[in-house]
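First up is the structure itself, then whatever we jot down about it.
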Amino acid sequence: MCNLHLIHENKMITVRNLTKSYHVGPITVPVLKGIDFSVEYGEFVAIMGPSGSGKSTLLNVLGILDRYDEGEYILNGTLIKPLSETEAAHFRSRLIGFVFQSFNLLPFKSAIDNVSMPLYYQKVPRRQRDEKARRLLERMGLADRIHHLPTEMSGGQRQRVAIARALVNEPPLILADEPTGNLDSETSEDVMKIFSEINGEGRTLVVITHDEHIAARARRVIRLQDGRITNRNLG
Amino acid sequence: MFDFDRWAEIGQSLKQHKLRTALTAFGVSWGIFMLILLLGMGKGLERGTMALYQDTATNSVWINGGKTSQDYKGLTPGRVVNLDIEDIAMLARLPGIDLIGPTKLVNKAYNMQYGQNIGSFQIYGIAAANAGIQKLSLEGGRQINELDERESRKVAVVGTRVVEVLMKNRIDPLGSSILVGGIPFTVIGVYKKALEEQSPNRVYIPYATLRNVFDSSPYINQIALTVAPGHAWASIRPEAVKLLAQRHRFDAQDSAALEIYDISAEVKKLQSLMTGIRLFMVIVGVGTLLAGCVGVSNTMLVTVKERTREFGIRKAIGASPSSILFMVLHETLAITLVAGYLGLLAGVGVIELVRGIGIESDYFRDPQIDLPIALGAVAVLSVAGLIAGYLPARQAVRISPIEALRHE
Ligand SMILES: Nc1ncnc2c1ncn2[C@@H]1O[C@H](COP(=O)(O)OP(=O)(O)OP(=O)(O)O)[C@@H](O)[C@H]1O
Ligand SMILES: [Mg+2]
């Protein structure tokens with residue numbers, strides 16, 4: 001990993017004056033209009049805001065799934081500027097676990113194969129991968145669903161598989177984009193309990209949600225409106 | 001290194017599109033099958049054609065008398081040129097001529113008899129030198145030699161057909177005595193039926209014996225000669241034709257007066273024809289193979305497009321661009337290699353079958369795929385597989401994870 005800027009900054013995430021626009025044909029649509037905030041190691045932060053305010057866009061930038069235009073994003077002491085795909089893959093693999101609203105499991109792979117896949121890309125031997133994936137699935141209460149395909153599982157079960165997958169390579173940072181958006185309130189409660197637990201283990205958690213109940217579990221809520229943070233007192 | 005995980009991944013994704021995989025694979029199988037078949041059959045064609053000359057020295061020249069077509073010193077055209085035994089001695093003195101001998105066919109049909117069995121065969125008189133010009137492949141015994149000729153011995157080299165008819169294949173013909181026109185001849189050699197039209201019906205006896213016993217005229221049917229190493233018929237020919245023209249009184253420019261077959265020229269022509277055919281077959285075979293690979297490439301492109309979301313997910317959970325690249329390359333290579341291998345087996349199988357049945361004719365025999373060709377085909381296939389996979393693989397790498405995840 002060459003040309004990376006290591007910065008002495010004792011935070012999981014530091015974002016300074018971050019902007020991002022989408023280009024739709026000739027039109028430039030500014031979506032993030034100067035975001036400033038930071039997240040401490042081990043913090044549990046919820047991001048809230050109306051639809052279209054730029055929450056997913058921000059989280060994708062934090063997850064190095066997307067690029068930003070101006071400003072700075074410092075992740076675990078490293079300035080994330082336009083990276084090569086290989087470098088981006090390295091950070092995604094080592095630092096970040098991502099949980100999506102629509103689960104994004106591979107439909108042709110069983111629960112255990114989906115969960116162990118991030119370890120495959122870390123070149124962990126198969127036996128170890130399976131062992132770890134199995135333990136995580138058991139912990140998620142899916143001991144009897146290990147060899148089921150995603151289509152053979154309920155939404156809540158699928159999301160728990162997805163969470164297990166995000167946890168399997170033990171990343172210090174978990175990012176979740178409306179992880180309970182497709183679940184009923186009871187299942188949501190289960191999933192959020194798991195998140196609290198993960199946070200209890202010392203992992204940093206950034207979760208987008210529309211649900212005030214869920215946000216209440218977080219230590220801090222960042223409110224986004226039209227590409228800006230509105231509650232800067234907590235930044 | 002055999003990476004079991006990677007193969008498991010490949011197996012899993014190919015299994016998802018069984019029919020498509022099978023159809024694509026078939027394109028490659030067919031390509032390599034055709035390539036192997038064409039090359040194998042080409043070899044058969046080559047062997048068959050070259051076998052036409054297997055008994056004849058490839059540096060031999062055969063001269064027959066023809067009919068004049070031009071006036072010569074007041075003589076009218078249409079005269080038959082009768083070569084005779086003096087011509088042999090005359091031409092033998094020319095530098096560059098190695099072996100030379102006559103062929104004389106006994107005009108009258110003589111019955112040949114062994115015990116109760118009678119047959120009618122063609123009797124040829126040849127000199128010892130002819131054995132080196134037309135190399136009869138002997139099944140047993142020996143050729144006519146100098147001593148047979150000098151002593152006008154009553155000996156014969158016979159074809160297998162003769163043994164069949166006269167001896168019903170029951171007796172060892174060598175050393176036994178057959179009657180030719182009532183005169184006993186000792187069988188000294190039996191030659192193999194090399195080719196259908198190279199008749200197994202012939203009986204060869206020493207030229208001197210033929211003149212003593214059957215036909216005392218000096219005329220001969222054919223002059224057979226070989227060109228000495230380091231010489232070319234093209235440079236000997238003008239002098240030889242000039243000498244014959246003087247003796248037989250025709251114009252040296254009269255191309256109808258002599259019929260001259262230069263085997264080396266024929267062989268050369270055939271060899272370049274064979275090279276042409278082989279080249280053509282390679283082009284057609286490789287073309288078919290390439291079409292198969294274009295098919296694979298195309299299918300993989302479609303597959304990659306359909307799997308955009310899958311690649312996005314893989315990238316989001318930490319797959320590096322190179323791992324995606326190699327995954328697609330591996331898949332393509334797996335299809336082409338497995339399919340190609342099956343095509344190769346089928347091609348070799350068909351060729352072996354043809355060999356087994358023994359389909360053979362004058363221009364075709366013993367088709368075969370040799371190791372270098374098979375290895376070459378595998379090499380071509382691997383390269384083709386890599387080329388076929390490269391475009392789709394690049395495509396897969398270029399997919400941005402965020403675009404891919406939005407993709408439905
Ligand atoms: N690929 C894109 N191209 C163009 N515009 C986009 C693209 N993705 C998002 N946008 C726009 O950017 C803005 C922010 O989108 P984003 O998905 O970040 O909102 P969000 O806060 O996550 O909303 P929601 O709560 O509905 O998920 C929206 O106005 C959206 O139309
Ligand atoms: Mg969103």
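The values are calculated or read from the model by the stated rules, or taken from the named source; none is laboratory data. Here the structure is a predicted model, which means the values were calculated and not measured. Please note: Cβ atoms are built from the backbone with ideal geometry, for glycine as well, and neighbour counts cover all protein chains shown. In case anyone asks, the SASA skips ligands and DNA or RNA and just uses the protein heavy atoms, side chains included. Shrake-Rupley method; radii C 1.70, N 1.55, O 1.52, S 1.80 Å.
A few comments on the model shown:
- Lysines whose Cα lies under 22 Å from that of B:Lys305, excluding same-chain neighbours fewer than 8 positions away: A:Lys109, B:Lys15, B:Lys18, B:Lys315
- Simple Cβ-charge dipole of segment B:60-263, Lys/Arg +1 and Asp/Glu -1, about Cα centre, in debye nearest 20: 360 debye
- When the convex hull of its Cα atoms is viewed from all sides, segment B:298-408 shows a mean projected area of 8.8 nm².
- Here the peptides B:392-402, B:327-337 are ranked by packing, the mean other Cβ count within 10 Å, and the order with the highest first is B:327-337, B:392-402.
- The sum of -39500 (n - 2.57) across all DSSP H runs of n ≥ 4, divided by the residue count of chain B, sets its helix-only mean residue ellipticity at 222 nm to -18000 deg cm²/dmol.
- Average other protein chain Cβ within 10 Å of Cβ, residues B:323-332: 1
- Summed residue charge, Cβ within 14 Å of B:Tyr114's Cβ, Lys/Arg positive, Asp/Glu negative: +1
- Cα shape, segment A:1-109, gyration tensor, a/c 1.5 rule: rounded
- With the highest mean first, a sort of the peptides A:63-73, B:236-246, B:39-49, B:272-282 on other beta-carbon atoms found within 10 angstrom per residue produces B:39-49, A:63-73, B:236-246, B:272-282.
- Where Cα atoms sit under 19 Å apart: lysine pairs in segment B:60-263 separated by 8 or more or lying on different chains: 10
- Against the criterion of solvent-accessible heavy-atom surface with a 1.4 angstrom probe, B:Ile171, B:Ile188 sort, most first, into B:Ile171, B:Ile188.
- Where both bridge residues fall in segment B:148-301, DSSP classifies roughly 55% of the beta bridges as antiparallel.
- The Cα atoms of chain A define a convex hull whose projected area, averaged across directions, is 13.3 nm².
- Positive-end ranking of A:Gly25, B:Thr186, A:Ser196 along the dipole of the protein assembly as shown, with charges on Cβ about the Cα centre, is headed by A:Ser196.
- Extreme residue, positive dipole direction of segment B:305-393, given options B:Pro321, B:Gly356, B:Pro372 (C-beta unit charges): B:Pro321
- Residues whose amide H comes within less than 5 Å of that of A:Val99, counting only those at least five positions distant or on another chain, are A:Leu175, A:Ala176, A:Asp177 (H built at 1.01 Å from N in the peptide plane).
- Kirkwood Rh (inverse of mean 1/r, distinct Cα pairs), segment A:81-132, angstrom: 12.4 Å
- Distant-in-sequence amide H partners of B:Tyr191 (H built 1.01 Å from N, under 5 Å): B:Glu139, B:Val158, B:Gly159, B:Thr160
- Surface accessible to a 1.4 Å probe, per residue, for the residues of the protein assembly as shown, Å²: 47 Å²
- The rule of thumb for compact globular proteins, 2.2 N^0.38 Å, goes into the C-alpha radius of gyration of segment B:247-307 2.52 times.
- Percentage, to the nearest whole number, of Cα pairs in segment A:20-78 over 13 Å apart: 67 percent
- Note, ³J(HN,Hα) from phi for segment B:218-223, Karplus 6.51, -1.76, 1.60, rounded to Hz, x at Gly and Pro: x, 6, 10, 8, 7, 9
- Taking every alpha-carbon pair within chain B, the share separated by more than 30 Å comes to 61 percent.
- Applying 1/(1 + (r/R0)^6) with r as the Cβ-Cβ distance of A:Glu72 and A:Ile27 and R0 = 22 angstrom yields a FRET efficiency of 0.25.
- Whole-Hz Karplus values for segment B:41-47 come out as 5, x, 4, x, 4, 5, 5 Hz, taken residue by residue from phi with 6.51 cos²θ - 1.76 cosθ + 1.60 and θ = phi - 60°; glycine and proline positions read x.
- Within the protein assembly as shown: Cβ-based charge dipole about Cα centre, in debye rounded to nearest 20 (Lys, Arg +1; Asp, Glu -1): 140 debye
- Averaged over A:62-71, number of beta-carbon atoms from partner chains that fall within 10 Å: 2
- Nearest-0.05 FRET efficiency for B:Thr275 and B:Gln16, computed from C-beta distance (R0 45 Å): 0.45
- Computed [θ] at 222 nm, deg cm²/dmol, chain A (DSSP H ≥ 4; -39,500 (n - 2.57); rounded to nearest 500): -10000 deg cm²/dmol
- A:Glu170 versus B:Val302: modelled label distance in nm, points set 7 Å from Cα along the beta carbon direction: 4.6 nm
- Among the residues of A:92-99, the average count of other protein chain beta-carbon atoms within 10 Å of the residue beta-carbon is 3.
- In a simple Cβ point-charge model (Lys, Arg +1; Asp, Glu -1; nothing else charged), segment A:83-192 has a dipole of about 620 debye relative to its Cα centre.
- Reported value for segment B:191-313: 263 Å³ per residue, from the convex hull of its C-alpha atoms.
- P(r) tail for the protein assembly as shown: Cα pairs beyond 34 Å make up 64% of the total.
- With the simple model of a label 7 Å out from the Cα in the direction of the Cβ, B:Tyr261 to B:Leu174 spans 2.9 nm.
- Gyration tensor verdict on segment A:91-197 (Cα atoms; rounded if a/c is under 1.5, prolate if a/b is larger than b/c, oblate otherwise): oblate
- Taking other residues whose beta carbon is less than 15 angstrom from the beta carbon of A:Ser21, and scoring Lys, Arg as +1 and Asp, Glu as -1, yields 0.
- Debye log10 I(q)/I(0) for segment B:60-263, one point scatterer per Cα, at q = 0.12, 0.13 Å⁻¹: -0.65, -0.74
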